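The values are calculated or read from the model by the stated rules, or taken from the named source; none is laboratory data. The model shown is predicted, which means the values in this text are computed figures rather than measured ones. When we count neighbours, we look across all protein chains shown, and the Cβ atoms used for this are built from the backbone with ideal geometry, even at glycine.
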Ligand code: SF4
Ligand SMILES: [Zn+2]
Ligand SMILES: [Zn+2]
């Protein structure tokens, strides 16, 4: 037997929570000169107005009471609390460039299929790139001109931009869904393979068991000796069974299935087959508990037309509501939300992720 | 000796040949045009057999198909060249004239360089880079214009020679060509490279065909009907995978950033001084000319991975056509990777998911990413950079970009922030790992009509076609015929105290197991003459068990009989240890070499004759299964090729074990003991190569230490008897007469077969005529059945007979 590959094919952990990034010694807020050493959870923020870094404390101190001037010497920008976020990139020049690109990409959103020839498409790409380049690196005049071009283009191509945006979103949606489906399929195959291996092991154990039965039944003294080993086999079988149960539990997906479609002949059901009887618990007849009982009679709680049973039923319902709903999975195929990786990676990198998505 | 296979006359340079149908099968493959997998016992002259058949084939048939012979290490290449040389000498003697024939070996510049200062560089990539900066096209142009630039004299001299006749006919060993190059002041590396098109036989390393970064340039001119042989190919899948995988670290990103900054500086410099060059490049890119041939020339600057053909016809996307745009693009990509490296959790994701995230945060699209490597090459060429070694990390990043955007399937990105599970200080590595061995080797199978994959240990054979994605014409494992039992394979499952021994994780550190292994070692050290080799599953285990043995006094015991030497991960230390080992074996002190089943020693070092009389394989050498990369690969194999995890792990462990065992038997006059010491080997016996498995007696598969020792004693005593070489004749080696006799026998059998078949056929016809009424059940059915047993050859023969 080779060593059991621990959970064969289990993917490396893909889900994660943001962990604090270990500080490097030279982290220091340029405004208040606090160093990381004194404040381990120091967080740095920037404002896309001027991309000057400062720590969260400074931001709170300076900007909670409304807009204020950037504390950097020589920077006269007025900043607002709302505009601050942490940077995605270590190099703030790139951070700024990407912000510009976001703006440009929202306007120049044609795709290859919109062009007749590859040459035209490439020329278009270069035109956009030139424009972006001017916006990012250009000096005063050029930059102003580029801004103007951007605004003009936006005005001229309003309808087209909107159309492309929608198409683009749809494409992304599709890709996301496809990825989700593929992943589901892979997961299922993995579970099936696991089960297969487990089954085989069980079969082998069973045949061994049968063999041992034969030996145990043998009239000579060998049975006693062999039986000692038997405990192990039984344990192995139990373990195998437990593992299969584990596998069974993994495919909990069945819970999400909707009620079976009604047969055409059935009587009309105004609720479309939804069954209101609780499936996960059963309400007993008389619920008696001293803590609860007092409400049954307390004048302050009992109102006209209000049944105490109604109250317990509702409490139970709320307690169980939400079981069997898998937010993660729904997000994956959900609308307007990024795929799991994107969401989690983003949150892992910094809190920016979410904010950027809202932009 | 001289003999015929079908109509093909074969000249074999030795008076004796090992029997077997290896040659016939090989010829069949060549005739049919297709691929084959052949497993042939180690030390039976596989190389010379292959070479003599293929050379005969090449010389006899008018197509003169070229042979490309790939081996793994430089010493194996040299060995093959020497064999080829002696073969050609023999042929010349027999035929009475020298044939029009050239055979060349190719290895890296590091081994072939003659330039006085370049050749002294330690790292191969630095040699490559420095050589390129001396030999690049623009350097020569500059020189022609009379500018003072450094060039390499050895390279320049080549231009004066006829391009198809840089060296005279004959077989050139690496040593030989170095000497010739020194004499005539011409570069051996480029001589070999340029002569490749004009050679009959090329012998070089796997990488020249498999690594897509090199293959394109080195091997593109080879024609389709070349015969490609991969020798010692049991590890070929790993070579394929490694050639497409990259690791990115924070340090390499830092250096890549520096590279980008340098590029940027160079561009602004050039914009001021020589704007025209940049403009020229830009225009070329607009036209989609891309200087494809230029880039693919032998002295091209940097190596690009191969791309699918459709991509090669495409023009570079518009948004990276301008140099400054492209540099900004690279910078953004690198910054993105840096941010990703900051995550402190293991992430594994597929290329599409990586690309989606990349696009969201940097607006980098897939298509320009695919062109990254190529665009960088073009830029570096335009800027006429000479210190290319500085741009190596940048190039790695670009290659990664190209690959990740090109292949959706068969690759995985794994980010590991910590070196081990217990490490505190992060040291993130982004592994871009190839999971599919078939990707790298596919172009080879597509391009060449006959590919032969062969090694001493390839069982189970069907694994290779499955993993590498090809179909075979012939797939055969050959047994060894022996005049006497010259090696003794055994499986030891228990210690002398009858307790099971195994290196399985649960019990490997139990004192009783460790002690039992120790006893096994010291017992064999006592009875083995001269050298003995021991293999452990991993360095970690080797270290721990050695220190435990030290505590138990077992090493002292061994020390009384043998010198103890240990392999380490350091190559220099290991080679020193090996040298000492050989000295100790040769002068009679005797030594035991402790090494690791996946280390250097297990792959390339031979322990022939007295350098290795016993090989002891302690534990089944499984791979470290907790590795995420391995897990991903296992999953991929299961999903794509339906190879189950355990099957693959066990296959992989057994091929390494077999490789270890094969170390001590390097020829038919050699002898040795092979001990597999682990309870688990008992079940894996069937996965050993046929030639080892066949030699293993049933009594030897479940032994305890004391039984094994006494059996080994007996074996060694019998080996001590004189055994004249001619006793082997006719059994394990054949001379001319045996061959003739065998041929006759085969022919006789054939005739008998044919007559039988004919009789059968007649009987069947009779049967058919009679058996219409359903009553003829018994007889008729039988004949029909036997009809299925006939193979196609027989049928063809039958028709021929009928026609006569
Ligand atoms: S051309 Fe040849 S000799 Fe000259 S540097 Fe390059 S490899 Fe060395
Ligand atoms: Zn501060
Ligand atoms: Zn500011």
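Contact map, segment B:580-600: residues that are buried (at least 22 other Cβ atoms within 10 Å of the Cβ) paired with residues that are in a helix (DSSP H, G or I) and at pLDDT below 90, Cβ distance under 6 Å, separation 6+ or inter-chain. Pairs shown: B:585/B:610; B:595/B:601.
Suppose the filter is free of Cβ contacts under 8 Å to residues at least 60 places away in the same chain and outside any helix (DSSP H, G or I); does residue B:14 pass it?
Against the criterion (free of Cβ contacts under 8 Å to residues at least 60 places away in the same chain and outside any helix (DSSP H, G or I)), residue B:14 qualifies.
Yes/no per residue for (1) over 30 Å from residue B:85 (Cα atoms); (2) within 14 Å of another protein chain (Cβ to nearest Cβ); (3) within 16 Å of ligand 2 (Cβ to nearest atom); (4) over 29 Å from the mean Cα position of the chain (by Cα):
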site	(1), (2), (3), (4)
B:113	no, no, no, no
B:117	yes, no, no, yes
B:129	yes, no, no, no
B:144	yes, no, no, yes
B:154	no, no, no, yes
B:157	no, no, no, yes
B:162	no, no, no, yes
B:170	no, no, no, no
B:194	no, no, no, no
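Among the residues of segment B:111-141, those identified as more than 9 Å from ligand 1 (Cβ to nearest atom), without any contact (Cβ under 8 Å) to a residue 40 or more places away in the chain and assigned to a helix (DSSP H, G or I) are B:120, B:124, B:140, B:141.
Of the residues contained in segment B:540-551, none is found to be buried (at least 20 other Cβ atoms within 10 Å of the Cβ) and outside any helix (DSSP H, G or I). So is residue B:402 under 13 Å from residue B:333 (Cα atoms), more than 14 Å from chain A (Cβ to nearest Cβ) and touching a helix residue (DSSP H, G or I) at 6+ places or on another chain (Cβ under 8 Å) or not? Yes; evaluated as a whole, the condition is true for this residue. The sole residue among A:162, A:182, A:172, A:198 that is exposed (fewer than 12 other Cβ atoms within 10 Å of the Cβ), at pLDDT 85 or above and in a helix (DSSP H, G or I) is A:162. When B:529, B:537, B:569 are checked against the criterion of being within 18 Å of residue B:678 (Cα to Cα) and modelled with pLDDT under 95, a single residue qualifies: B:537.
Scanning for something part of a helix (DSSP H, G or I), away from chain A (no Cβ under 14 Å), farther than 22 Å from residue B:746 by Cβ and away from ligand 2 (no atom under 16 Å from the Cβ), does segment B:66-73 turn up at least one residue? No, that holds for no residue.
Residue count for segment B:462-498, restricted to those that are assigned to a helix (DSSP H, G or I) and out of contact with any strand residue (DSSP E or B) (no Cβ under 7 Å at 6 or more places or on another chain): 4.
Can you tell me which residue in segment A:63-78 is surrounded by the fewest Cβ atoms within 10 Å (Cβ to Cβ), limited to those that are under 25 Å from residue A:38 (Cβ atoms) and either in contact (Cβ under 8 Å) with a residue 24 or more places away in the chain or within 16 Å of ligand 1 (Cβ to nearest atom) (or both)? That would be A:72. At least 3 residues being surrounded by fewer than 19 Cβ atoms within 10 Å (Cβ to Cβ), at pLDDT below 90 and more than 7 Å from every other protein chain (Cβ to nearest Cβ) is the threshold, and among the helices (runs of 4 or more DSSP H) wholly inside segment B:307-370 those reaching it are B:309-313.
Which fully enclosed helices (runs of 4 or more DSSP H) of segment B:184-298 have 1 or more residues being surrounded by fewer than 16 Cβ atoms within 10 Å (Cβ to Cβ)? Don't jump to the end; show me each part of the working.
Numbers: elements: B:188-195, B:207-210, B:212-218, B:236-244, B:250-273, B:275-287, B:292-295.
Ranges flagged: B:236-244, B:250-273, B:275-287, B:292-295.
Beta carbons closer than 9 Å, at least 6 apart along the sequence or on distinct chains, pair a first residue in segment B:169-188 that is on the phi > 0 side of the Ramachandran plot with a second that is buried (at least 16 other Cβ atoms within 10 Å of the Cβ) and not in a helix (DSSP H, G or I) for B:170/B:101; B:170/B:102; B:170/B:103; B:185/B:114. Please specify each residue of segment A:167-189 satisfying the condition of being facing chain B (nearest Cβ under 10 Å) and within 21 Å of the chain's Cα centre (by Cα). Listed by number, the residues that qualify are A:172, A:175, A:176, A:178, A:179, A:182, A:183, A:185, A:186. Taking the listed residues B:98, B:150, the one that is within 13 Å of ligand 1 (Cβ to nearest atom) and either over 31 Å from the mean Cα position of the chain (by Cα) or within 14 Å of another protein chain (Cβ to nearest Cβ) (or both) is B:150, with no other qualifying.
To keep it simple, each residue is scored yes or no on (1) modelled with pLDDT of 90 or more; (2) away from chain B (no Cβ under 14 Å); (3) in a loop (DSSP other than H, G, I, E, B); (4) more than 14 Å from ligand 2 (Cβ to nearest atom).
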position: A:3; (1), (2), (3), (4): no, no, yes, yes
position: A:7; (1), (2), (3), (4): no, no, yes, yes
position: A:15; (1), (2), (3), (4): no, no, yes, yes
position: A:25; (1), (2), (3), (4): no, no, yes, yes
position: A:33; (1), (2), (3), (4): no, yes, yes, no
position: A:40; (1), (2), (3), (4): no, yes, yes, yes
